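Okay, so here's the structure we're looking at.
The values are calculated or read from the model by the stated rules, or taken from the named source; none is laboratory data. These numbers were taken from a predicted model, which means no experiment stands behind them. Reconstructed Cβ throughout: ideal geometry from the backbone, glycine too, with neighbour counts over all protein chains shown. These area figures cover heavy atoms from the full protein model, side chains too; ligands, DNA and RNA do not enter into them. Shrake-Rupley method; radii C 1.70, N 1.55, O 1.52, S 1.80 Å.
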Amino acid sequence: MRPSDQLAEFTRDALAAGKSRDDIRSALERSGWAPNEIAEALNAWADIDFPTPVPRPRPYVSAREAFFYGLMFAALAMTAWHLVALLHNLIDHWVADPLTENGGRYALSSTRWSIAALIVFTPTFLVLNRRTVQATKADPGKRRSGVRKWLGYVTLFLASITLLGDLMAVIYALLSGDLTLRFILKAVVVAGVAGAIFAYFRQEAEDARDAA
């Protein structure tokens, strides 16, 4: 039996025997269990008046949801990437800079690829995200999906890194005297897209935490 299973079994048996949570915590501390392990074991059971211990809802993992959420987050990544690329190409076209001008054929090809990707992946993300919202409204327990939480926090991490990198690039350009109008507009695009994604999934993470 794994140590975590032993701890869970002991906690359940102790609660069933009528022991208080303080007594259980004290006994486990004297036995050498870490405070976070003790807290997790006790939090697994609801603190309510009932003859037997009542388990709290726990996160779960589903292969079907792994496919579903994986596809949704991949569609989001492609949408964000190509939206930024498309807007950068448009900025290059609207704000002339002869020193860094790309070849016209390359810019046109890149723009076409970005438009094609947005036509495919933007509706894919919107449809999958809409289905997710509807499913969680019908069954709030789906907010406890382990896959959903992991991918959501990975997205928050990547959005945060993007925002910090964008800020670093702006500061570097300012210090080196290369902060042009074109550069500022591109930085605003990156910050806008990454910021919108961060704000959305931060709210999702808070809702999932409240549902746990």
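Quick look at the numbers
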quantity	calculated
Residues being modelled with pLDDT under 90 and either exposed (fewer than 12 other Cβ atoms within 10 Å of the Cβ) or of a type in the set (A, V, I, L, M) (or both) - total across region 179-212	10
Filter result (of a type outside the set (A, V, I, L, M), closer than 16 Å to residue 6 by Cβ and surrounded by 10 or more Cβ atoms within 10 Å (Cβ to Cβ)) within region 30-52	31, 33, 37, 40, 45
Condition met for residue 165 (loosely packed, with under 15 Cβ neighbours inside 10 Å and in a helix (DSSP H, G or I))	yes
Single match in 105, 143, 112, 148 (criterion: open to solvent by 70 Å² or more (accessible area, probe 1.4 Å), in a helix (DSSP H, G or I), within 30 Å of residue 67 (Cα to Cα) and at pLDDT below 95)	112
Flag if residue 156 is over 30 Å from residue 95 (Cβ atoms) and part of a helix (DSSP H, G or I)	yes
Residue 88 being assigned to a helix (DSSP H, G or I) and open to solvent by 70 Å² or more (accessible area, probe 1.4 Å)	no
